[in-house]
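Okay, structure first, notes after.
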Amino acid sequence: MVFHCLNIDPNHRPELPLPAEGGLQHMTQGTIFDIKKFAIHDGPGIRTTVFLKGCPLDCWWCHNPEGRHPEPESMATGSNRDTPGDAVPVGTRMSGDAVMAEIEKDRLFYDESGGGVTFSGGEPLAQPDFLATLLNGCREQGIHTALDTTGYATSEIVARIAPLVDLFLYDLKLMDDRRHQTYTGVSNAGILANLRHLVKTGRKVVIRFPLIPQINDTSENLAQMGAFLTDLGLQRIDLLPFHGIHRQKYHRLGQPDRLGNLEPPGDAAIARVKADFENGGFTVQVGG
Amino acid sequence: MINDRIRNLRRQSVEAQASLSPERALLITALLQSGRLEGEAVPIQRARIFRHILENKHIAIHPGELIVGERGPAPKATPTYPEICLHSLDDLALLNDRPKVPYTSDGDMRRAYEENIIPFWQDRTLRDRMFAQLPERWKKAYRAGVFTEFQEQRSPGHTVLGDKIYRKGFLDLKQEIAEAQAALDFYNDPHALDKREQLQAMDMAAEALIAFARRHARELTRLAAEAADPERAEELRAMAAICRKVPAHKPDTFWEALQYYWFVHVGVITELNPWDAFNPGRLDQHLYPFFRREIDRGTLTEARARELLQAFWIKFNNHPAPPKVGVTARESNTYVDFALINTGGLTPDGADAVNDLSYLILDVVEEMRLLQPSAMVQISKKNPDRFLKRALRIVKTGFGQPSIFNTDAIVQELVRQGKSLADARCGGASGCVESGAFGRECYILTGYFNLPKILELALNDGVDPLSGDRIGPSTGTAGDFTCFEDLFAAFERQLAYFVDIKIMGNNIIERLNAKYMPVPFLSLLIDDCIANGRDYNAGGARYNTSYIQGVGLGTLTDSLSSLKYNVFDRRLLSMPEMGGLLAGNFKDGEALRRRIANETPRYGNDDDAADDLMRAVFEAYYRAVDGRPNTKGGVYRINLLPTTVHVYFGSKLGATPDGRKAGSPLSEGISPVQGADRRGPTAVLKSAGKVDHLRTGGTLLNQKFLPHILADDTGIDRLAQLVRTYFRMDGHHIQFNVVDAETLRKAQQAPDAYRDLIVRVAGYSDYFVDLTPELQEEIIQRTGHDAS
């Protein structure tokens, strides 16, 4: 069970949008599909994870499919869209102030645990103005921030956001660009360039590697990734093994599940990949 | 690390079935029938009864034991206390046959009751006197489930030993008594004669325990002579020497200290059947000087200290609570007798008190995995995380112990109540969660108070809808209220009325206990009964506090929130409609009931719309109770805990405006309504943190976590941080169940396969299969927290 503060919870009382503040209103609002408290796998300490809706990637293994579409939508409450039951709205427009109010509720927990807020998605960089507002808000409040990102954004956006972020949780999926395009729908060229930029400008980065059997656990991909990260001087990798828990959501959203038959990796497979990275000199943690 | 000796003793204890023994009842009955006590003052009578039992009861020493002394003739053989409450033959049959928490009776027991004990005690018990004096309006409220009465089948106790016995032998106490007697001023003190009798009774009680220990010494010597194994013979001789030394003299070794405490414990629970048995309190603090000195001198190894502690633990487990029937059984339906071992916390001068022995005791808690004694850790901001995490690693194994307390909050609570800072720092929590100044305070739980029932009465013009009887003042029916403020005012009027009745009843009961049931032995142990020449039950202690324990905070808050939000704010339905729904138990209104349950702002979600109402309820209850005088020169305080009464209270309550159906359990402690908290543990702790813990004498918060959260060190770290954050908000106590619903369901299906599954109930742990089906269900329903 997870703690949904937003629309997945059928009992949620919708947030009222704040009154318009002249022409700035569009900058202080964004679309969010969840706020989870007591997140303990998305960076240090006890955190609140804010999920921004909308993602330019189309990963086959995406475990937050309700975060892909940039607009609010609806999801069936039954096991799929054809079973009877109510549809629940997914995603809501929220003001930056409203999100900050939710974030600040748990600040004692952040203070005590060295935690903070993680912005995830979707792809948070796809709502750069809103994200910048929230990051600035956290900075003002002295709240640690982490950005869980695919890295897919223009270099201008990355350059603008990077100084506001304390820690990047940076997804790296596939080194071969052609395969990257096949499985995520976009090229990895910009992603790798942005990562290089962040590291060169001294940003704190943890690499997150979603381990998808048969797709990115080949020794070739692991070797290329190791070489690239070594070259950048990065030493830590978080291994996030594929799990099938999210599958139901595809059905409930009416989206295709292109990895329908894929089994999650077993302990041995996870251990093999972990050892592979460790032999390359990395510190590897399974789970975030 | 458990050796064969301990394994055998543990098995014997765990496997023993709780039974009833007529020994004590027969001894006291015979003494009274002999007429030898006639004409004696009541305290002297009580002391002579105590002496008579200890002089004549069977001395039970089991093979391999290191700590001796048993209340009954065998492990879990439980005496009865007919002077307090007389069991009928039907009660004995019920206790024998009931599927949960049975106490078996054999033919001897039943015959003794039928021929001897019932004929003598009929209409002569303290309970009879109580019910003869309690007025009808008290009885009506009691029958309606507005409150319970703790002293109805058990004597007041609710106290914890301080450090006195580790500094003084009973001969020293006798010397103190002699000095107090010598200082009596028969010219200027009109109570001097009463005091002389009381002090004389205490002196007899002290003498009686010394003699009881010497009976053990003789038996041990005899066993040593018979022992085939020379090593055991040597051990038995050593034990005999200990029993000749303590409690007469102060202890010098770790072993002597443990044996001394145990004799005292058996004394207290033999004299009468006080609530919460008795409790050594800050065990790691009291024993540490002995432990350290002996380890340094090489006369004690850590392994031996561990073994002695394990043997000590088994003694607690051999002593189930005295049998309870009726409402008392329903409010506290368990074998657990609530001796709560405290570890950690602060020293009297305010320093970190955690020591090597604190950790060793936690090892013992984990290894022994026994129902009794309960164990807790006191966590001050000054205590290291290592200690908290050690405790959480035991919690993680899933048996609900140790519970976790905030020392800094407890100290502030006690100081606010008027205790000295040093006395507060020497205190802790006992029973479930009750704050006390150990060794110096008599703090009586007088009964649970059904807060949601008060709202029901406020919605029904003071008439109990279950019986149709008018039991409260006329304050209007549901349809009469046109604004939330009027409704809340009616709630407050009903509250004041029933708190008055409860306190009036308590005054009667406290006076009866003071007059007819003094406890000279217990009075020896608690300061300043000797110096004051006054009994523990008559205000002899340095501090005297009476509690009324509020129950159902979450249910009441959510119900008020529902009325405010659904009726007065958004006008989803009218007050008469709500009244109709409740009267009909939401029959034909299921859709509306769901909407109400799901859309109402509810306590436990860090939502001020609900939490502000919780604060209003807290303030109303606090104003009604706190600071009112009791009969012992002390005052009333509130605390918020339920044991198992939330199930009983729920059974006495119709449907409530939060969507709860008639008869379902209430929320427990200060926990949210089961399943109403939907925003995770941090939101629950934030909501619970809005209770002003420092103005209570204890609050109880249950949290259920799924086991996988605590699978690794990160999970333990995060849980420790959750606890620390709650304590920064002055949270008093938190306890965890780490078990998944699936396991509990399996245990319901196949109880025999899950006999050893221990879960946290409320302020104590119990065998899951021993819980009533309602309570099992209730525990499953408590929200299990996961992490993102």
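Structure data summary
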{"read-out": "Total residues in the range B:508-535, condition assigned to a loop (DSSP other than H, G, I, E, B), closer than 30 Å to B:Lys139 by Cβ, open to solvent by less than 10 Å² (accessible area, probe 1.4 Å) and not charged (D, E, K, R)", "value": "2"}
{"read-out": "Subset of the range A:119-145 that is open to solvent by 40 Å² or more (accessible area, probe 1.4 Å) and in contact with a helix residue (DSSP H, G or I) (Cβ under 7 Å, 6 or more places away or on another chain) - its residue that is nearest to the other protein chains (Cβ to nearest Cβ)", "value": "A:His144"}
{"read-out": "From the options B:Arg760, B:Arg728, B:Arg695, B:Arg745, residue that is among the charged types (D, E, K, R), open to solvent by 40 Å² or more (accessible area, probe 1.4 Å) and under 19 Å from B:Cys432 (Cβ atoms)", "value": "B:Arg695"}
{"read-out": "When residues of the range B:299-327 are limited to those that are open to solvent by 60 Å² or more (accessible area, probe 1.4 Å) and in a loop (DSSP other than H, G, I, E, B), the one nearest to B:Ser13 (Cα to Cα)", "value": "B:Thr301"}
{"read-out": "Hits in the range B:586-605 (condition: open to solvent by 10 Å² or more (accessible area, probe 1.4 Å) and more than 14 Å from B:Gly675 (Cα to Cα))", "value": "B:Lys587, B:Asp588, B:Glu590, B:Ala591, B:Leu592, B:Arg593, B:Arg595"}
{"read-out": "Unmet criterion (only one of (1) touching a Gly at 6+ places or on another chain (Cβ under 8 Å); (2) at pLDDT 95 or above; (3) open to solvent by less than 30 Å² (accessible area, probe 1.4 Å); (4) hydrophobic (A, V, I, L, M, F, W, C)) for A:Val50", "value": "(1)"}
{"read-out": "Single residue of the range B:15-57 satisfying the filter (of a type outside the set (Gly, Ala, Ser) and part of a loop (DSSP other than H, G, I, E, B)) that is farthest from B:Ala206 (Cα to Cα)", "value": "B:Gln17"}
{"read-out": "Odd one out for A:Leu169, checked against (1) in contact (Cβ under 8 Å) with a residue 60 or more places away in the chain; (2) assigned to a strand (DSSP E or B); (3) away from chain B (no Cβ under 14 Å); (4) of a type in the set (A, V, I, L, M)", "value": "(3)"}
{"read-out": "Tally of residues being within 12 Å of another protein chain (Cβ to nearest Cβ), modelled with pLDDT of 95 or more and either open to solvent by 20 Å² or more (accessible area, probe 1.4 Å) or at positive phi (or both) across the range A:86-118", "value": "8"}
{"read-out": "Selection count, the range B:706-717, where residues are part of a helix (DSSP H, G or I), open to solvent by 30 Å² or more (accessible area, probe 1.4 Å) and at the interface with chain A (Cβ under 9 Å from one of its Cβ atoms)", "value": "2"}
{"read-out": "Test: residue in the range B:656-666 that is within 17 Å of B:Met729 (Cα to Cα), open to solvent by less than 10 Å² (accessible area, probe 1.4 Å) and within 14 Å of chain A (Cβ to nearest Cβ)", "value": "no"}
{"read-out": "Qualifying positions in the range B:745-761 - in contact with a helix residue (DSSP H, G or I) (Cβ under 9 Å, 6 or more places away or on another chain) and outside any helix (DSSP H, G or I)", "value": "B:Arg755, B:Asp756, B:Leu757, B:Ile758, B:Val759, B:Arg760, B:Val761"}
{"read-out": "Criterion: open to solvent by 10 Å² or more (accessible area, probe 1.4 Å) and either assigned to a loop (DSSP other than H, G, I, E, B) or among the small types (Gly, Ala, Ser) (or both) - qualifying residue of B:Asp349, B:Asp296", "value": "B:Asp349"}
{"read-out": "Residue within the range B:689-709 that is hydroxyl-bearing (Ser, Thr, Tyr) and in contact (Cβ under 8 Å) with a residue 12 or more places away in the chain present", "value": "yes"}
{"read-out": "Single match in B:Asp97, B:Asp106, B:Asp123 (criterion: open to solvent by 40 Å² or more (accessible area, probe 1.4 Å), at positive phi and out of contact with any helix residue (DSSP H, G or I) (no Cβ under 8 Å at 6 or more places or on another chain))", "value": "B:Asp123"}
{"read-out": "Which listed residue, of B:Arg724, B:Arg728, B:Arg782, B:Arg760, is within 14 Å of another protein chain (Cβ to nearest Cβ) and closer than 26 Å to B:Leu370 by Cβ", "value": "B:Arg782"}
{"read-out": "B:Asp677 more than 11 Å from every other protein chain (Cβ to nearest Cβ), assigned to a loop (DSSP other than H, G, I, E, B) and closer than 27 Å to B:Glu413 by Cβ", "value": "no"}
{"read-out": "Checking B:Thr631 against (1) on the phi > 0 side of the Ramachandran plot; (2) open to solvent by 40 Å² or more (accessible area, probe 1.4 Å); (3) of a type in the set (Val, Ile, Thr), the condition it does not meet", "value": "(1)"}
{"read-out": "Of all residues in the range A:108-142 being assigned to a loop (DSSP other than H, G, I, E, B) and either in contact (Cβ under 8 Å) with a residue 24 or more places away in the chain or among the basic types (Lys, Arg) (or both), the one that is farthest from A:His63 (Cα to Cα)", "value": "A:Gly114"}
{"read-out": "Failed item, numbered, when B:Ala683 is tested on (1) within 14 Å of chain A (Cβ to nearest Cβ); (2) open to solvent by 10 Å² or more (accessible area, probe 1.4 Å)", "value": "(2)"}
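Let's see how each residue does on (1) open to solvent by 20 Å² or more (accessible area, probe 1.4 Å); (2) within 14 Å of chain A (Cβ to nearest Cβ):
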| residue | (1), (2) |
| --- | --- |
| B:Pro642 | no, no |
| B:Lys652 | yes, no |
| B:Ser687 | no, yes |
| B:Val691 | no, no |
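To keep it simple, each residue is scored yes or no on (1) open to solvent by 10 Å² or more (accessible area, probe 1.4 Å); (2) on the phi < 0 side of the Ramachandran plot.
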| residue | (1), (2) |
| --- | --- |
| B:Gly35 | yes, no |
| B:Glu55 | yes, yes |
| B:Ile61 | yes, yes |
| B:Gly69 | no, no |
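The values are calculated or read from the model by the stated rules, or taken from the named source; none is laboratory data. Everything quoted here is computed from the prediction, not taken from an experiment. As a convention, Cβ positions derive from the backbone with ideal geometry for all residues, glycine included, and neighbour counts pool all protein chains shown. Surface areas here come from the heavy atoms of the whole protein model, side chains and all, with no ligands, DNA or RNA. Shrake-Rupley method; radii C 1.70, N 1.55, O 1.52, S 1.80 Å.
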